[in-house]
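Shown next, in structure tokens, is the structure this report addresses.
The values are calculated or read from the model by the stated rules, or taken from the named source; none is laboratory data. Computed from a prediction, not measured in an experiment: that's the story for all the values here. Note that we place each Cβ from the backbone using ideal geometry, even for glycine, and neighbour counts take in every protein chain shown. For the accessible areas, the whole protein counts, side chains as well, though only heavy atoms, and no ligand, DNA or RNA atoms are used. Shrake-Rupley method; radii C 1.70, N 1.55, O 1.52, S 1.80 Å.
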Amino acid sequence: ISCMISAYFLVFYLVFFVLKITGIIDNIRDIDRLKDFVANSGNAGIFVYFSIALLQVLVIPIPAIITILAGSILFGPATAFLICTTGILTGSIIAFLIGRTLGKKVLKWIDKESLADKYLDILQRKGGIVLFLMFLLPLFPDDLLCIVAGMSNMKLKSFALVSFISRTIGVAFITFFG
């Protein structure tokens, strides 16, 4: 398991380093710069947008609302909704699996262990209904919750269902009513 942790952190640092050195992180923290960055990607724009939606859950420290609104401006609400929802759900499941596989070790590394312990206790006691509500409300760290859910007794199938319904609603609301 220590090899897996090392591999995850190596990949994380490598992706983050590449994104930082190429200026991508700086370009995607602002909605106008993100929109220009994706628009200038040419035919790869949809793939770039999907990748940013996925990576924002795993490694890119930007709020989802920026990604969602930029995609809505670029591709129109319906297309942005489909691409962004797919990216966020894929990233969420990967984060869940990271939590399931690496557990507390990944939380120590991202320095969120005490916060995660609080959410883990809540999820262990209340389950999917509370996670559903947490995903819908903007007050909670959705990406961290995916990792914590992986550490809980929640089954992947239940997590996928809760994520699909709640995160789809959230993305739809921002995309269509932003």
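With a Förster radius of 30 Å, plug the Cβ-Cβ distance of Ala172 and Lys105 into 1/(1 + (r/R0)^6) and report the FRET value to the nearest 0.05.
Values: r = 35 Å, r/R0 = 1.16.
FRET efficiency, Ala172 to Lys105: 0.30.
What order, most packed first, do the peptides 138-144, 74-80, 85-91 have when packing is the mean number of other Cβ atoms within 10 Å of each residue? Kindly include the intermediate steps, with their values, before the conclusion.
Details: 138-144: 15.0, 74-80: 17.0, 85-91: 20.1.
Going from most to least packed, we get 85-91, 74-80, 138-144.
As an exercise, use a Förster radius of 41 Å and the Cβ-Cβ distance of Lys155 and Ser41 to find the FRET efficiency, rounded to the nearest 0.05. Present the calculation step by step, with values, prior to reporting the outcome.
On the way: r = 37 Å, r/R0 = 0.91.
About 0.65, to the nearest 0.05.
Between the alpha-carbon centers of region 85-135 and region 141-172, tell me the distance in whole angstrom.
Value for the Cα centre distance between the two parts: 8 Å.
Highest mean first, what order results for 121-128, 39-46 on Cβ atoms within 10 Å? List each step's numbers first, then the result.
Values: 121-128: 14.9, 39-46: 12.6.
By packing density, highest mean first, the sequence is 121-128, 39-46.
Grab region 25-178 and count how many Lys pairs have their alpha-carbon atoms under 28 Å apart, sequence gap of 8 or more, or different chains.
21
Pop a pseudo-label 7 angstrom from the Cα along the beta-carbon direction at both Asp32 and Arg125 and give the gap in nm to one decimal.
Between Asp32 and Arg125, the simple spin-label model gives 4.7 nm.
Percent of accessible area on region 25-178 owned by carbon and sulfur, 1.4 Å probe?
Values: 4890 of 7490 Å².
The nonpolar share, carbon plus sulfur, comes to 65 percent.
Which whole-number value in Å² is the accessible area per residue of region 25-178, probe 1.4 Å?
Numbers: 7490 Å² over 154 residues.
Accessible area per residue: 49 Å².
When the C-alpha atoms of region 39-168 are aligned to their principal axes, what extent does each axis show, in angstrom, from largest down?
Result, largest extent first: 45, 28, 24 Å.
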